[in-house]
Amino acid sequence: MSDNRQSLNLLPRLIFASRWLQLPLYLGLIVAQVVYVFLFMKELWHLILHASEWGEQQIMLGVLGLIDVVMISNLLVMVIVGGYETFVSRLRLEDHPDQPEWLSHVNASVLKVKLAMAIIGISSIHLLKTFIAIGNLGAPGSAYTEQGVLWQTIIHCVFILSAIGIAYTDRLMTNTTSKREHAH
C-alpha cells in the first residue's frame with residue numbers, strides 16, 4: 001500500500017516540477033531584451049547622425065520608433081518578471097528597493113490585463129507612425145495604401161475591444177470569487 005501511495009505522490013511532484021521547463025523560455029526572452037537594447041542603440045545612433053538633415057516629420061518618426069522599442073521592451077519585462085513570478089517560482093524581492101509596484105499583486109489575470117494594455121500602447125504607436133507617414137497615401141511607390149491603413153486601424157480597434165473584454169471578464173471573475181468567499 002505504501003508503494004502505491006509513493007507512486008501517487010511522484011506524479012503530482014513531477015507535474016509541479018514541470019513548471020521549470022518554462023525557465024529556458026524566460027531566459028530566451030532575456031536574450032530578446034538584449035536584442036531590443038541593441039536595436040534601440042542602433043536607432044538612436046541613426047537619429048543622432050541624421051538629426052541635422054532630417055525634417056521634423058522624419059525626426060518624429062524616429063523618436064516614435066524609439067518609443068516603440070521601449071514599449072516592446074517594457075512588455076518583455078512584464079512577461080519575463082510577471083510570468084516567472086506567476087508560473088515558475090517566487091523572485092523574493094519583497095525588501096528590494098527596486099521591486100516594481102505591480103509585482104506585489106501580480107497574478108495571471110492582472111498579467112493578462114497589463115499585457116493587453118501594453119499591446120494597445122504598441123499598436124497605438126504603430127498607428128500614429130502610419131498616420132504621420134501617410135502624406136503621400138495612394139501615390140505610386142508609397143509604402144501605405146488606403147486598404148492597409150484601414151486594416152491597421154481595424155486591428156488596433158480589435159486590440160482595444162479584446163482588452164476591454166479581458167478586463168471585463170477579469171472583473172466578473174473577481175466579483176464572483178469575492179462573493180463566494182464572503183458567503184463562506
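Some points to look at:
- In region 1-33, the residues that are among the hydroxyl-bearing types (Ser, Thr, Tyr) and at pLDDT 85 or above: Ser18, Tyr26
- Close contacts from region 37-57, counting a first residue that is in contact (Cβ under 8 Å) with a residue 60 or more places away in the chain and a second that is among the hydrophobic types (A, V, I, L, M, F, W, C), with Cβ to Cβ under 9 Å and a gap of 6+ residues or different chains, come to Gln57/Ile132; Gln57/Ala133.
- When region 105-156 is filtered for residues that are farther than 18 Å from Gly62 by Cα, among the small types (Gly, Ala, Ser), under 23 Å from the mean Cα position of the chain (by Cα) and at pLDDT 85 or above, the ones remaining, listed by number, are Ala116, Ala118.
- The listed residue being exposed (fewer than 15 other Cβ atoms within 10 Å of the Cβ), hydrophobic (A, V, I, L, M, F, W, C), closer than 23 Å to His46 by Cβ and touching a residue at least 40 places away in the same chain (Cβ under 8 Å), out of Ile132, Ile72, Ile125: Ile132
- Restricting attention to region 95-104 and to residues that are farther than 18 Å from Ile166 by Cβ and in a helix (DSSP H, G or I), the residue that is nearest to the chain's Cα centre (by Cα) turns out to be Leu103.
- Each residue in region 6-35 was checked for being farther than 18 Å from Val69 by Cα and either within 21 Å of the chain's Cα centre (by Cα) or not hydroxyl-bearing (Ser, Thr, Tyr) (or both), and 20 of them qualify.
- Selected residue (criterion: modelled with the highest pLDDT) from residues of region 62-94 that are among the polar types (S, T, N, Q) and in a helix (DSSP H, G or I): Ser73
The values are calculated or read from the model by the stated rules, or taken from the named source; none is laboratory data. Small disclaimer: the values here were computed from a predicted structure and weren't measured. Please note: Cβ atoms are built from the backbone with ideal geometry, for glycine as well, and neighbour counts cover all protein chains shown.
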